[in-house]
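The values are calculated or read from the model by the stated rules, or taken from the named source; none is laboratory data. Because the structure is a prediction, the values reported are computed rather than measured. Ideal geometry is used to build each Cβ from the backbone, glycine not excepted, and the neighbour counts take in all protein chains shown.
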């Protein structure tokens, strides 16, 4: 049976649950979970659902019924598979939000939440991202996502974010960067294309990681 991507109703159901009072206040919302699962799909080491579900939920949700529990867990599992299939396809990767920053430091955009979730996926599996000779390329490719996230205050990221024009130029690369990271980490050398060099590349993944309140 062919894989069936989540339809609009299923996406709305999952999004509403992750924003509901039945989950921990630190539970990832939908865009954060999408970013988190995207990073795990790129990682060359497979992480089981038993490992990543608690990271999304933070604490066991107060499911209304066993039926609801089964439904939500299945939707998250299928979302993870949807992302994997999209990365493996030849289609451009679609970020499930507008490619824009928040209007203020206190008001984060959905892209910033998505990027924060993505970087949390990287942190969870960090040793598998930076263990090879590809470390420098990977760190370079991650820079636009680091700029979009709310987790770094190292000098290079701060300098880019001080310029609205540089920031926008940087974050617009994110869909291509996601594809390039997948090609670098998950495909055979003969299938890889040369990753687009970040216009703002320089510093590596190091930086202070400051957790933010995950719920909007």
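Quickly run through region 102-124 and pick out the residues that are in contact (Cβ under 8 Å) with a residue 40 or more places away in the chain and surrounded by fewer than 19 Cβ atoms within 10 Å (Cβ to Cβ). Those that are in contact (Cβ under 8 Å) with a residue 40 or more places away in the chain and surrounded by fewer than 19 Cβ atoms within 10 Å (Cβ to Cβ): 123, 124. Checking each residue in region 39-60 for being under 19 Å from the mean Cα position of the chain (by Cα) and more than 15 Å from residue 77 (Cβ to Cβ) picks out 39, 42, 43, 44, 45, 58.
When residue 94 is tested against (1) surrounded by 16 or more Cβ atoms within 10 Å (Cβ to Cβ); (2) within 15 Å of the chain's Cα centre (by Cα); (3) touching a residue at least 40 places away in the same chain (Cβ under 8 Å), just one condition goes unmet, and that condition is (1).
For region 155-171, the count of residues that are at pLDDT 95 or above and under 30 Å from residue 7 (Cα atoms) is at least one. For region 161-175, filtered to residues that are under 15 Å from the mean Cα position of the chain (by Cα) and part of a helix (DSSP H, G or I), the residue that is surrounded by the most Cβ atoms within 10 Å (Cβ to Cβ) is 171. Note on region 144-160: residues that are in contact with a helix residue (DSSP H, G or I) (Cβ under 7 Å, 6 or more places away or on another chain), part of a helix (DSSP H, G or I) and either under 23 Å from residue 51 (Cβ atoms) or without any contact (Cβ under 8 Å) to a residue 40 or more places away in the chain (or both) amount to 1.
Condition test on residue 166, is it farther than 24 Å from residue 34 by Cβ and in contact with a helix residue (DSSP H, G or I) (Cβ under 6 Å, 6 or more places away or on another chain)?
For residue 166, the condition - farther than 24 Å from residue 34 by Cβ and in contact with a helix residue (DSSP H, G or I) (Cβ under 6 Å, 6 or more places away or on another chain) - is met.
Inside region 27-60, can you point out the residues that are buried (at least 18 other Cβ atoms within 10 Å of the Cβ) and free of Cβ contacts under 8 Å to residues at least 40 places away in the same chain? Hits for region 27-60 are 56, 57. Hey, among the residues in region 1-12 that are in contact with a helix residue (DSSP H, G or I) (Cβ under 9 Å, 6 or more places away or on another chain) and more than 21 Å from residue 66 (Cα to Cα), which one's surrounded by the most Cβ atoms within 10 Å (Cβ to Cβ)? Top of the filtered list is 5. So, in region 13-26, how many residues would count as being surrounded by fewer than 20 Cβ atoms within 10 Å (Cβ to Cβ), more than 16 Å from the chain's Cα centre (by Cα) and without any contact (Cβ under 8 Å) to a residue 60 or more places away in the chain? Counting residues in region 13-26 that are surrounded by fewer than 20 Cβ atoms within 10 Å (Cβ to Cβ), more than 16 Å from the chain's Cα centre (by Cα) and without any contact (Cβ under 8 Å) to a residue 60 or more places away in the chain gives 5.
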